[in-house]
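This structure is in structure tokens; I'll ask about it shortly.
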Amino acid sequence: MIFTLIQKEFILEWRQRYAINGIILYLASTVFICYMSFNLKLGLVDPIIWNALFWVIILFTAVNAVAKSFLQESYGRTLYYFSLVKPESFIISKTIYYSGLLLLMSILGFLFYAFVMGNPVQDKFMYLLVLCLGSIGLSSTLTLTSAIASKASNSSSLMAVLSFPIIIPLLLVLIKASKNAMDGLDRSVYTDQLLTLVAINALIMGFSYLLFPYLWRS
Amino acid sequence: MKKTWWKILAVAILIYAILGALLFDAPRLNILNETIRNLHFHVTMWFGMIILLTASMVLAIRYLRTGNQKFDLYSVELANVGVLFSILGLVTGAVWANYAWGEPWSGDPKQNGAAVCLLIYLAYFVLRNSINDEQQRGRIGGIYNIFAFAALIPLLFILPRMTDSLHPGNGGNPGFNAYDMDSRLRIVFYPAVIGWTLLGLWMASLRIRMRKVQKQLED
């Protein structure tokens with residue numbers, strides 16, 4: 001069931017390629033704006049700023065990418081899904097699909113960002129792992145907030161208001177862990193940060209799994 | 001909640017706690033000195049806030065379970081008082097930090113966490129106000145309330161412990177454990193927590209009654 005739903009998301013995305021192209025373009029132009037406005041190459045930009053700027057770009061891209069997950073669904077189609085599938089499988093499929101999408105986006109973003117701004121990352125494997133955990137966490141938080149915001153009026157601005165404060169704890173740990181990977185510290189030094197990330201992800205996913213059925217009913 | 005004995009109890013405890021906080025003998029600890037008396041005003045606010053917001057979340061769960069509008073009303077008003085407590089906690093902390101740390105806001109992890117927590121609950125009120133239908137408002141507000149509480153736990157209890165903080169208890173300052181042992185503070189601190197929390201409940205119950213009357217006047 002979940003697999004069919006993911007497949008459906010995939011086909012929908014493929015049919016309206018302008019949406020995903022738009023997000024890629026959004027990502028690329030944000031990276032370029034940062035590059036131009038800082039007017040700096042690696043060596044001049046501080047590693048802390050390099051890392052924080054990257055995560056801010058990913059955050060904004062994620063909000064834009066995931067915002068449409070529920071906002072795009074029309075009323076009639078929601079009713080149709082309601083009669084066909086269980087709410088739990090619906091939210092799980094959305095979360096998995098958007099985690100994948102976001103992971104793709106963040107890897108693309110990382111490549112382009114490293115291309116123009118230089119690449120100071122030393123432990124690339126761990127940085128990728130943090131990126132992966134970050135994509136999962138961001139997408140699961142944003143999927144639920146998008147579902148909440150889609151029920152209210154002026155939902156696009158509400159989406160940012162609702163999700164940013166909730167994301168901050170996740171983002172702080174992400175920035176810290178990725179900074180450690182960037183500096184190439186010994187992996188055992190920040191394993192506890194990775195475990196915290198996994199725990200926060202599990203917490204968010206557990207809550208969206210439990211809460212979504214109530215949201216679905218209205 | 002209309003009984004009066006617990007309101008009298010709250011006032012009595014608070015008179016005792018305020019007098020005790022200002023007049024009783026306090027232990028001399030380095031760095032903190034006499035400012036340790038702020039424990040009874042500042043830290044009690046956070047204890048009260050956590051209790052009120054936990055109650056608000058539990059009531060939100062009950063609302064989602066039963067659909068009874070009454071629980072939604074309770075949940076919102078408790079969150080309202082919880083937010084008031086967190087603002088007071090920030091203000092009392094800032095006044096204290098002005099003397100203890102030299103500036104009211106120094107970007108301490110716990111300060112930032114508390115500010116973010118305030119943002120989350122303000123977003124909750126924005127969300128509620130942007131939904132017109134009453135049942136919808138209750139349900140979606142309740143869901144966000146529970147989700148917000150889940151975000152609050154890492155923010156206030158896990159993240160500050162992972163970094164160094166200027167707060168007592170971290171970075172070499174005498175902390176809660178050090179004066180937890182001290183019965184001179186304990187005999188004021190725990191009653192003060194109960195007193196402030198009861199006062200918060202009283203405020204919430206007044207607002208709940210006011211809202212009920214307003215609703216009846218509208219109908």
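The values are calculated or read from the model by the stated rules, or taken from the named source; none is laboratory data. Since the model is a prediction, treat every value here as computed from it, not as a measurement. So basically every Cβ, Gly included, is an ideal-geometry build from the backbone, and we count neighbours across all protein chains shown. Keep in mind that these areas ignore ligands, DNA and RNA; they rest on the heavy atoms of the full protein, side chains included. Shrake-Rupley method; radii C 1.70, N 1.55, O 1.52, S 1.80 Å.
Please work out which residue is nearest to the other protein chains (Cβ to nearest Cβ), limiting yourself to the range A:147-158 and to residues that are without any contact (Cβ under 8 Å) to a residue 40 or more places away in the chain and in contact with a helix residue (DSSP H, G or I) (Cβ under 6 Å, 6 or more places away or on another chain).
By that ranking, first place goes to A:ALA152.
What tally of residues in the range B:22-50 results from selecting those that are farther than 22 Å from B:ALA94 by Cα and at pLDDT 80 or above?
Number of matching residues: 1.
Going by the structure shown, is A:ALA67 assigned to a helix (DSSP H, G or I) and at pLDDT 90 or above? Step through it out loud before you land on a result.
Working: assigned to a helix (DSSP H, G or I): yes; at pLDDT 90 or above: no.
For A:ALA67, the condition - assigned to a helix (DSSP H, G or I) and at pLDDT 90 or above - is not met.
On the basis of being more than 15 Å from A:PHE60 (Cβ to Cβ), in a helix (DSSP H, G or I) and either within 11 Å of chain B (Cβ to nearest Cβ) or open to solvent by less than 20 Å² (accessible area, probe 1.4 Å) (or both), does A:LEU144 make the cut?
Values: more than 15 Å from A:PHE60 (Cβ to Cβ): yes; in a helix (DSSP H, G or I): yes; either within 11 Å of chain B (Cβ to nearest Cβ) or open to solvent by less than 20 Å² (accessible area, probe 1.4 Å) (or both): yes.
The answer is yes for A:LEU144.
Let me spell it out: the conditions are (1) surrounded by fewer than 20 Cβ atoms within 10 Å (Cβ to Cβ); (2) more than 12 Å from the chain's Cα centre (by Cα); (3) modelled with pLDDT of 90 or more; (4) not aromatic (Phe, Trp, Tyr), and B:GLU77 meets all of them except one. Which number is the exception?
Result: B:GLU77 passes all but (1).
Give me the residue from the range B:76-127 that is more than 14 Å from chain A (Cβ to nearest Cβ) and among the hydroxyl-bearing types (Ser, Thr, Tyr) and, out of that set, nearest to B:ILE51 (Cα to Cα).
Among residues in the range B:76-127 that are more than 14 Å from chain A (Cβ to nearest Cβ) and among the hydroxyl-bearing types (Ser, Thr, Tyr), the one nearest to B:ILE51 (Cα to Cα) is B:THR92.
Restricted to the range B:180-211, and to residues that are closer than 16 Å to B:VAL43 by Cα and among the aromatic types (Phe, Trp, Tyr), which residue is surrounded by the most Cβ atoms within 10 Å (Cβ to Cβ)?
That would be B:TRP196.
Also, quick follow-up: With the structure loaded, tell me whether A:LYS124 is modelled with pLDDT under 90 and within 8 Å of chain B (Cβ to nearest Cβ) or whether it fails that test.
Details: modelled with pLDDT under 90: yes; within 8 Å of chain B (Cβ to nearest Cβ): no.
In short, no.
Also, quick follow-up: From the list A:VAL130, A:VAL198, A:VAL161, A:VAL173, which residue is more than 30 Å from B:GLN136 (Cα to Cα) and facing chain B (nearest Cβ under 10 Å)?
So the residue among A:VAL130, A:VAL198, A:VAL161, A:VAL173 that is more than 30 Å from B:GLN136 (Cα to Cα) and facing chain B (nearest Cβ under 10 Å) is A:VAL173.
How do the pairs read when you match residues in the range B:130-146 that are more than 7 Å from chain A (Cβ to nearest Cβ) with residues anywhere that are open to solvent by less than 40 Å² (accessible area, probe 1.4 Å) and of a type in the set (Gly, Ala, Ser), using Cβ under 6 Å and keeping only pairs 6 or more apart or on different chains?
Taking only residues 6 or more apart or on different chains, the pairs are B:GLY142/B:ALA60; B:ASN145/B:ALA60.
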